[in-house]
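What follows is a single structure, written as structure tokens, with notes after it.
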Amino acid sequence: MTANAEEQELKDRLSLIETMIAEGRRTTGSYSWTFILWGVAYCVAIVWSSWGFGDSIWAHSYVAWPVTMTVAFVLTWVLAVRKSRKQPGTTAGRGIGAIWFAMGMSMFILLLSLGLSGRGDSQLFVAVIATMLGTANAASSMLLRWKQQFACAVVWWAAAVVSCFGTVAQSTIALLVAIFFCQIVFGIYGMVCEARLRKQRGGSNA
């Protein structure tokens, strides 16, 4: 009896872990729009800081990243709060959210400080940001056992390496490639996966 009870307890624990992982993936999928939002924000900041807009203060490159990141942060916060009211939180979801919130705040403070101070080499800037994003994606993918998201972490880390050893042009290209695949493409992929899961759940409840 004791052996059977221990075996059943082990099965229950494994089932709980699998359920939490599935919930975490659903939560990540339901917030995949944030990947796209920030991907677009990064692209806007890159274009703005490279060419500027007009002849006013807004044309200066040092305001591009602080302003763009502030707008993206506020939009993410407002939309996430509205969504959280409609969708109950889960333990896995809160864990993943904590990882991305900590990373987001770190990036926000760093980008705001670098932008306002005007300091920092552009390639070092890309390397630091890419490494931070790689770390967040890796941590999230390990918790969720999500190979596709770990692949995003590898792409971000590769962009950081290219930025350290390549030219300014190569660094910029690596950053844009990472944004496209790890923000835009992965965000769309996450939304598609979440839509499929929601459809399956709807079908099973019918």
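The values are calculated or read from the model by the stated rules, or taken from the named source; none is laboratory data. Computed from a predicted model, the values in this text were never measured in an experiment. Quick reminder, even Gly has a Cβ in these numbers, built from the backbone with ideal geometry, and neighbours come from all protein chains shown.
Only one entry in 139, 158, 169, 151 is over 24 Å from residue 96 (Cβ atoms), modelled with pLDDT of 90 or more and part of a helix (DSSP H, G or I), namely 169. Kindly indicate the residue of region 115-127 that is surrounded by fewer than 19 Cβ atoms within 10 Å (Cβ to Cβ) and assigned to a helix (DSSP H, G or I) and also modelled with the lowest pLDDT among those meeting that condition. It comes out as 116. Taken together, 133, 110 contain a single residue that is in contact (Cβ under 8 Å) with a residue 40 or more places away in the chain and assigned to a helix (DSSP H, G or I), which is 133. Consider region 51-85 and keep the residues that are in a helix (DSSP H, G or I), closer than 18 Å to residue 116 by Cβ and among the small types (Gly, Ala, Ser). The one that is modelled with the lowest pLDDT is 59. Just one of the listed residues (91, 131) is farther than 16 Å from residue 32 by Cβ and either modelled with pLDDT of 80 or more or among the charged types (D, E, K, R) (or both), namely 131.
For region 184-198, check the following and say yes or no: at least one residue is among the hydroxyl-bearing types (Ser, Thr, Tyr), in contact (Cβ under 8 Å) with a residue 60 or more places away in the chain, out of contact with any Ser or Thr (no Cβ under 7 Å at 6 or more places or on another chain) and part of a helix (DSSP H, G or I). Scanning region 184-198, I find at least one residue that is among the hydroxyl-bearing types (Ser, Thr, Tyr), in contact (Cβ under 8 Å) with a residue 60 or more places away in the chain, out of contact with any Ser or Thr (no Cβ under 7 Å at 6 or more places or on another chain) and part of a helix (DSSP H, G or I), so the answer is yes.
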